[in-house]
1. List the number of the failed condition for GLU286; all other conditions in (1) under 19 Å from GLY370 (Cα atoms); (2) acidic (Asp, Glu); (3) touching a residue at least 60 places away in the same chain (Cβ under 8 Å); (4) in contact with a strand residue (DSSP E or B) (Cβ under 7 Å, 6 or more places away or on another chain) hold.
2. Name the single residue that is nearest to the chain's Cα centre (by Cα) among those in the range 74-86 being in a helix (DSSP H, G or I) and closer than 16 Å to GLY102 by Cβ.
3. Please count how many residues of the range 373-405 are basic (Lys, Arg), in contact with a helix residue (DSSP H, G or I) (Cβ under 9 Å, 6 or more places away or on another chain) and in a loop (DSSP other than H, G, I, E, B).
4. Within the set of pairs 6 or more residues apart or between chains, which connect a residue that is within 8 Å of ALA297 (Cα to Cα) and free of Cβ contacts under 8 Å to residues at least 24 places away in the same chain inside the range 310-323 to a residue that is surrounded by 15 or more Cβ atoms within 10 Å (Cβ to Cβ) and of a type outside the set (A, V, I, L, M) with Cβ atoms less than 7 Å apart?
5. Name the residues in the range 87-142 that are of a type in the set (Gly, Ala, Ser), part of a loop (DSSP other than H, G, I, E, B) and open to solvent by less than 30 Å² (accessible area, probe 1.4 Å), would you?
6. Would you confirm whether any residue within the range 329-336 is modelled with pLDDT under 90, on the phi < 0 side of the Ramachandran plot and surrounded by 21 or more Cβ atoms within 10 Å (Cβ to Cβ)?
7. For the range 21-39, enumerate the residues that are open to solvent by less than 10 Å² (accessible area, probe 1.4 Å) and either without any contact (Cβ under 8 Å) to a residue 60 or more places away in the chain or within 25 Å of the chain's Cα centre (by Cα) (or both).
8. Which residues, counting only those in the range 245-260, are surrounded by 23 or more Cβ atoms within 10 Å (Cβ to Cβ) and either within 25 Å of LEU349 (Cα to Cα) or basic (Lys, Arg) (or both)?
Amino acid sequence: MSDLTTLHELTERLARTDALAEGLLEVLRAGAALLGARRGLVVLEPGDGLGPASTVGLGLGRADLGHIETVPRGSTSYGRILDGLPGCEAGVTQPDLFAEEGLDPRQREVAARLGYAASYALPLSTETAGRLGAAVWLYDEPAEPGERRRHLVGLYARYAAEHLARLLEIERTRACMATMTEELLPSRLPRVPGVQLAARRRTGPRGGGDWYDALPLPDAALGLAVGSVTGSGPSAVAAMGRLRASLRAYAAMEGEDPVAVLSDLELLLRLTEPARSATALFGYCEPALRKITLAGAGHSPPLLIGEQRTEFVETSVSAPLGMLACWEAPSVEIHAEAGETVLLYTDGLLQRTGDPTDRAFARLHAAAAGVPRAMRRDPGAVADHVLRTVLPDGLDAADSEEDVVLLAARFE
């Protein structure tokens, strides 16, 4: 009963992990407790070759792991498991590394340097996913786990492998969505005399439809845009890419009239994706005049941040794109002073706070007003400060259903 209780507690702790690195570290901790070891490492190397491949240590620093990796792979217990050598399916025991015959001299040297004398290794694999990797636990003195300990850690490892396989798929999905999204957004912002640009984006694990853009236009002008497509996942990311590409085309044709740009975009959205809506904000920026002509569709108002003022820009109330039979709203003009920054953002910044709308706007205004003077010369520093202040304690980087986009333009 004691063993069953221990296994239940350890598997419950593992089940609460939702990130691959966290799950690997928890497997090492649980295995160390079951085997009576103090240190260990997991080598993640999925058999399908799709990655990711990594090594995580318990009680071992990066330099320690680097020393272990200098040992020829075929001489290590985890290497024999990963290479599928016969007799390794149930694990590899090395009860006394310094007394073992035929041991590679490099392995004995590394063991002496790091202060371990024995090891016990297990494969991590499932029937459906195949090989995931191998876990190794290290003993400070010659030792070998008894039959009971090996049985318990074997039961745990079988459950752990299934959980790690699920976390691996999530990690791959996240990486795939992040790559898709990055490819659909600007790889770099344009350099236009008279204005400095910076953008920040945070996205959830499934990927979302928030986006930004900045494109050079004739007569040394600049088009600035942020927007959000409803939904999440691959379909929202694809819709975001189509919407952004269309806006770029309309901006190139009639960017001086932001209302016309969003009207064209609304018509396209209504004809091609009638079941989807979107918010958008497009501005025609003239850096030489420090002026932005702006039109918005269901989008939050931008912020004007300067030494003498921090205020929301008054924009007309308008419906999101795709919500009305015909969209149109008047544009407004922003006149900035030298050194002032115009901050465009998506609603995810407000929604991630979890506050009511009025309190979220107040928090955003306070964060913008509190930007230290030394940071105001750098639009990237302004965006970072706002992001960290509105979403403190790591909330800006945590997984969330809500995407966040900020686009900052500082006038010189």
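1. All conditions pass for GLU286, except number (1).
2. If we filter the range 74-86 for residues that are in a helix (DSSP H, G or I), which is where we start, we get 74-75, 77-82.
From the residues that got through so far, the ones that are closer than 16 Å to GLY102 by Cβ too are 74-75, 77, 79-80.
On the way: GLY74: 35, SER75: 37, SER77: 34, GLY79: 31, ARG80: 34 Å.
For the range 74-86, the residue satisfying everything is GLY79.
3. The first filter runs over the range 373-405 and keeps only residues basic (Lys, Arg), leaving 373, 376-377, 388.
Remaining after also requiring in contact with a helix residue (DSSP H, G or I) (Cβ under 9 Å, 6 or more places away or on another chain): 376, 388.
When the remaining residues are screened for being in a loop (DSSP other than H, G, I, E, B), the result is 376.
Adding up the residues that qualify gives 1.
4. Cβ pairs passing all conditions: SER318/GLY296; SER318/GLY298; ALA319/GLY298; ALA319/TRP327.
5. Taking the range 87-142 first, the residues of a type in the set (Gly, Ala, Ser) are 87, 90-91, 99, 102, 111-112, 115, 117-119, 121, 125, 129-130, 133-135.
Now narrow it down to the ones that are part of a loop (DSSP other than H, G, I, E, B): 87, 90-91, 99, 102, 115, 117, 129.
Passing the criteria: GLY91, ALA117.
6. Of the range 329-336, the ones modelled with pLDDT under 90 are 329-331.
Cutting the leftovers down to on the phi < 0 side of the Ramachandran plot gives us 329-331.
Those left that are additionally surrounded by 21 or more Cβ atoms within 10 Å (Cβ to Cβ): none.
The answer is no, given that none of the residues of the range 329-336 is modelled with pLDDT under 90, on the phi < 0 side of the Ramachandran plot and surrounded by 21 or more Cβ atoms within 10 Å (Cβ to Cβ).
7. GLY23, LEU24, VAL27, LEU28
8. The initial filter retains those residues of the range 245-260 that are surrounded by 23 or more Cβ atoms within 10 Å (Cβ to Cβ), namely 247, 251, 255, 258.
Listed by number, the residues that qualify are LEU247, PRO258.
The values are calculated or read from the model by the stated rules, or taken from the named source; none is laboratory data. Just so it is clear, the model here is predicted, and its values are computed rather than measured. Every residue, glycine among them, receives a Cβ derived from its backbone with ideal geometry; neighbour counts consider all protein chains shown. To get the accessible areas, we keep the full protein, side chains included, count just its heavy atoms, and leave off ligands, DNA and RNA. Shrake-Rupley method; radii C 1.70, N 1.55, O 1.52, S 1.80 Å.
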